[in-house]
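**Student:** Below are the structure tokens for one structure; questions will follow.
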Amino acid sequence: MQEDKPSILLIYTGGTIGMIENETTGALESFNFEYLMEYFPQVKKLNHNIASYSFNPPIDSSDIEPQSWEILAEIISNNYESYDGFVILHGTDTMAYTASALSFMLENLNKPVILTGSQLPIGMLRTDGKENLITSIEIAGAKDENGNPIVPEVCIFFENKLLRGNRTTKINAEEFSAFRSFNYPALAEAGIHIKYNKALIKEFKSKSLITHNKFNPNVVILTLFPGIQEEIVHSVLHVKAIKAVVLKTYGSGNAPQKDWLVRELKEAIERGIIVINITQCAAGAVEMDRYETGIQLQKIGVISGYDCTSECAITKLMFLLGQGFNTQKIRQLMETNLAGELTLPTYKS
Ligand code: ASP
């Protein structure tokens, strides 16, 4: 390897970016990574040393599981000292979950881990994959004047924006601009130049990486809606294995004032189930003390997810449960900013 060039490990998990049309059925199918490089030889021309690792077989991101996150964390950890940065090619559908999970698994991360993908396969003329891939590689190799990585955190790069991974949501199944981070500004924008917003990016710290794995997926996302039925909520909260619930409430964290709902939630919390309040709104935060309908949740022990995305809240819960912490510790850590995933109100931070 040439020493002065940034070295990047490209990890191909699957997804549209590496897909091709099946000639018989017309359906999009994954193909192997060598094929991607064949379609896109320009990658080799970048002034970077690029090595690659491919999932075998590549998977549609709908099939991503916590085990896939463990594999990714292991690949990064095993290759950590050999590369300046990591680019993960991933399907867009669950990219925000993977980015969130990795942000918790890779403690003390001080190198870029950039996830990207595309809406159109890289082999198609109008693909968005080429730009996404090239710019992600550039960001993963970018260093500051001291030779430290500019972006030492887990991010998603898509279209022209670099977003903090655990703040990101897929919002569009059609447009190239498929992701948003509603509650945290973009870390960088790519136009003629890549403009980094350094004040928003995690500071570089010279620490050793600690990789955590293990997830406990005995959790559920329960979305409130007018007409929600007691029997159904009761059943969900009484599933034997259930450990935690992400409750997607209205507005700033409000729930209907139905006696049965408050009772079911209260009893669940008394049984040790963790209930975290996340708003159904795309932007903004939970403030349970704002309306009576939120205060009643706070009183029975529902904890606030503040401005966390639901993708992040559910992966954080699975992660903390997987680490074997007790209920009290998990409740406390859910209300703690561990990896830049939430904004605490000023009186708490
Ligand atoms: N279904 C695909 C996936 O998430 C979509 C994509 O890659 O954009 O793997």
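The values are calculated or read from the model by the stated rules, or taken from the named source; none is laboratory data. On a predicted model such as this, the values are computed, not experimentally measured, just so you know. Here Cβ is always computed from backbone atoms with ideal geometry, including for glycine, and neighbour counts include all displayed protein chains. SASA here: full protein model, heavy atoms, side chains in, ligands and nucleic acids out. Shrake-Rupley method; radii C 1.70, N 1.55, O 1.52, S 1.80 Å.
**Student:** Skip the ligands, DNA and RNA, and give the accessible area per residue of the range 37-98 with a 1.4 Å probe, whole Å².
**Tutor:** Value for the range 37-98: 48 Å² per residue.
**Student:** Could you tell me the accessible area of E107 in Å² (1.4 Å probe, neighbours in place), rounded to the nearest ten?
**Tutor:** Rounded to the nearest 10, that gives 80 Å².
**Student:** Percent of accessible area on the chain owned by carbon and sulfur, 1.4 Å probe?
**Tutor:** 48
**Student:** Right, here's the next one. Let me have the 222 nm mean residue ellipticity of the chain computed from DSSP H runs of 4+ only, each contributing -39500 (n - 2.57), with the sum over all residues rounded to the nearest 500.
**Tutor:** -8000 deg cm²/dmol
**Student:** Hey, another quick one. Under 1.5 on a/c is rounded, so check that first for the range 163-232, then, if it is not, pick prolate when a/b is larger than b/c and oblate when it is not; a ≥ b ≥ c are the square roots of the alpha carbon gyration tensor eigenvalues.
**Tutor:** Since a/c reaches 1.5 but b/c is at least a/b, the shape of the range 163-232 is classed as oblate.
**Student:** Let me ask something else about it. Once ligands and nucleic acids are excluded and a 1.4 Å probe is used, how much of Y291 is accessible, expressed in Å² to the nearest 10?
**Tutor:** Looks like 110 Å² after rounding.
**Student:** Right, another one. Please give the solvent-accessible surface of R180 in Å², to the nearest 10, using a probe radius of 1.4 Å with every protein chain present.
**Tutor:** We get 90 Å² for R180.
**Student:** Also, quick follow-up: Name the shape class, rounded, prolate or oblate, that the alpha-carbon gyration tensor gives for the range 238-349, where a ≥ b ≥ c are the square roots of its eigenvalues, rounded holds for a/c under 1.5, and otherwise prolate holds if a/b is larger than b/c and oblate otherwise.
**Tutor:** oblate
**Student:** Okay, next question. Please state, rounded to one decimal and in Å, the Kirkwood hydrodynamic radius that the range 133-276 gives when every pair of distinct Cα atoms enters the mean of 1/r.
**Tutor:** Evaluated on the range 133-276, it is 18.8 Å.
**Student:** Distance from the Cα centre of the range 72-93 to that of the range 148-184, in angstrom?
**Tutor:** Using only Cα atoms, the two centres lie 17 Å from each other.
**Student:** For K207, K202, K299, what's the largest-to-smallest order of accessible area, 1.4 Å probe?
**Tutor:** So, going from the largest accessible area down, we get K299, K207, K202.
**Student:** Run through the DSSP bridge list for the chain and note the antiparallel percent, rounded to the nearest 5. Can you show the working numbers first?
**Tutor:** On the way: 18 of 49 bridges.
Rounded to the nearest five, the antiparallel share is 35 percent.
**Student:** If you roll a 1.4 Å probe over the heavy atoms of the protein chains, what accessible area per residue do you get for the range 130-181, in Å²?
**Tutor:** Accessible area per residue: 37 Å².
**Student:** Moving to a separate point now. Label the chain by shape, choosing from rounded, prolate and oblate, from the square roots a ≥ b ≥ c of the eigenvalues of the Cα gyration tensor; if a/c is under 1.5 it is rounded, and otherwise prolate applies when a/b is larger than b/c, oblate when it is not.
**Tutor:** Verdict is prolate for the chain.
**Student:** Hey, which aspartates and glutamates would be in cross-link range of K202, C-alpha to C-alpha under 12 Å, not counting anything within fewer than 8 residues on its own chain?
**Tutor:** E153, E341
**Student:** Let me ask you something else. For L209 and D289, FRET efficiency with R0 = 45 Å and r from the beta-carbon atoms, rounded to 0.05?
**Tutor:** Details: r = 39 Å, r/R0 = 0.86.
Here the calculated transfer efficiency is 0.70.
**Student:** Let me ask something else about it. Going from most exposed to least, what order do V239, V154 have by accessible area with a 1.4 Å probe?
**Tutor:** Values: V239 80, V154 10 Å².
Ranked list, largest accessible area first: V239, V154.
**Student:** Per residue, how much accessible area does the range 190-342 have with a 1.4 Å probe, in Å²?
**Tutor:** Numbers: 7610 Å² over 153 residues.
For the range 190-342, the solvent-accessible area averages 50 Å² per residue.
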